[in-house]
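Visitor: Quick one: structure below, then a few questions.
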Amino acid sequence: MNAFATAHLPRSTEAGIRKVTRGIARRLVLSTSGLAATEFALMLPVLMSMGMYGAEIAYMTSVNMQVNQLAVSVADNASRLGQTDNSATTPTVTESDVDSVMQGALHQGENIDFNERGRIILSSFERDSATNRQFIHWRRCSGELVEESEYGNATNRNGLTGAEIEAIGKPGKEVTVDVGLAVMFVEVYYRHEGIFGSMFIDDDVELKQEAAFLVRDDRNLMPTNQQGVTGTGGESHCT
């Protein structure tokens, strides 16, 4: 007799094992006790992705609102320059005045690192009484982001030189000005960085907002052949 012959279980034992196995399989098939946990595990990546995407969009919307508020603040403050001047002469805009407006804006944008990732372009938009042409009398900038205005410049494309400027501003929100007045027009650019990097948005998303305010009080705009901003130095020249 072979010493290694396979031992056979009694028929009753084999039947019992099959019965137990079928019972376990049936209970597993009919059991719903772990269904919720299984479904949650399957849906968790989708839910997390949707939540992260929602947080990203909400954050970008919040930053865009801050950029808009910053543009409005700069235009409003620039339009008020000279209001506290109690001298008998009509006040002018000085380099220190512009610097104070720009520094206030940079401070306002500290929580989004605006100085490193943003650019403010402030323009005095006026109309020349001799030619009736609208022009950019002077322009000042702040912020380290390299960006240029979409509306000419203050030198060879200011409206008096180069092509005429019919208006400035986004379509549907164009700005014009009458003789003797000035509009403080602001463009704000900001290079946005997402919470999760480039997972949901591009790396180079750039936000832009514009704002314009008419100067509030009488202001000495100075002849068009002069710079338009008095004083020396200044830290806000566009370079």
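The values are calculated or read from the model by the stated rules, or taken from the named source; none is laboratory data. Keep in mind the model is a prediction, meaning the values are calculated, not measured. Here the Cβ is made from the backbone with ideal geometry for all residues, glycine too, and neighbour counts use every protein chain on show. We work out accessible area using only protein heavy atoms, side chains counted, and drop any ligands, DNA or RNA first. Shrake-Rupley method; radii C 1.70, N 1.55, O 1.52, S 1.80 Å.
Visitor: Out of the residues in the range 36-58 that are open to solvent by 80 Å² or more (accessible area, probe 1.4 Å) and among the aliphatic types (A, V, I, L, M), which is farthest from the chain's Cα centre (by Cα)?
Guide: Filtering first and then ranking leaves LEU42.
Visitor: Same structure, new question: Would you check if SER149 is under 26 Å from THR232 (Cβ atoms), surrounded by 22 or more Cβ atoms within 10 Å (Cβ to Cβ), in contact (Cβ under 8 Å) with a residue 24 or more places away in the chain and of a type in the set (Ser, Thr, Tyr)?
Guide: No.
Visitor: When the residues of the range 133-146 are filtered to those that are touching a helix residue (DSSP H, G or I) at 6+ places or on another chain (Cβ under 7 Å) and open to solvent by less than 50 Å² (accessible area, probe 1.4 Å), which remaining residue is nearest to ILE165 (Cα to Cα)?
Guide: ARG140
Visitor: Can you say whether GLY118 is more than 24 Å from ARG216 (Cα to Cα), touching a helix residue (DSSP H, G or I) at 6+ places or on another chain (Cβ under 8 Å) and either open to solvent by less than 30 Å² (accessible area, probe 1.4 Å) or in contact (Cβ under 8 Å) with a residue 60 or more places away in the chain (or both), as far as the supplied structure shows?
Guide: When the stated conditions are applied, GLY118 passes them.
Visitor: So MET222 clears everything in (1) on the phi < 0 side of the Ramachandran plot; (2) aliphatic (A, V, I, L, M); (3) surrounded by 15 or more Cβ atoms within 10 Å (Cβ to Cβ); (4) part of a loop (DSSP other than H, G, I, E, B) except one condition, right? Which one?
Guide: Failed condition: (1).
Visitor: Then there is this: Among (1) under 21 Å from the mean Cα position of the chain (by Cα); (2) open to solvent by 30 Å² or more (accessible area, probe 1.4 Å); (3) in contact (Cβ under 8 Å) with a residue 12 or more places away in the chain, where does ALA154 come up short?
Guide: (1)
Visitor: What do you reckon, is THR21 over 30 Å from GLY228 (Cβ atoms), at pLDDT below 90 and open to solvent by 60 Å² or more (accessible area, probe 1.4 Å)?
Guide: yes
Visitor: Mind listing just one residue for me: the one in the range 201-219 that is loosely packed, with under 15 Cβ neighbours inside 10 Å and among the charged types (D, E, K, R) and, of those, nearest to THR176 (Cα to Cα)?
Guide: Selected residue: ARG216.
Visitor: Next question, about the same structure. Are there any pairs with C-beta distances below 7 angstrom linking a residue in the range 68-94 that is open to solvent by 40 Å² or more (accessible area, probe 1.4 Å) to a residue that is modelled with pLDDT under 90 and not acidic (Asp, Glu), with the two at least 6 apart or on different chains, and if so which?
Guide: ARG80/ARG216; GLN83/ARG216; ASP85/PRO91; THR90/ARG219; THR90/ASN220
Visitor: Could you list, in sequence order, all residues of the range 162-182 that are among the aliphatic types (A, V, I, L, M) and either within 19 Å of SER129 (Cβ to Cβ) or touching a residue at least 24 places away in the same chain (Cβ under 8 Å) (or both)?
Guide: Once the filter is applied, which keeps residues that are among the aliphatic types (A, V, I, L, M) and either within 19 Å of SER129 (Cβ to Cβ) or touching a residue at least 24 places away in the same chain (Cβ under 8 Å) (or both), the range 162-182 yields ILE165, ALA167, ILE168, VAL175, VAL177, VAL179, LEU181, ALA182.
Visitor: Specify the residue that is modelled with the highest pLDDT; the eligible residues are those in the range 6-18 that are open to solvent by 100 Å² or more (accessible area, probe 1.4 Å) and not hydroxyl-bearing (Ser, Thr, Tyr).
Guide: ARG18
Visitor: Another question, if that's okay. Could you look through the range 186-200, keep only residues that are open to solvent by 20 Å² or more (accessible area, probe 1.4 Å) and within 13 Å of the chain's Cα centre (by Cα), and pick out the one that is modelled with the highest pLDDT?
Guide: For the range 186-200, the residue satisfying everything is ARG191.
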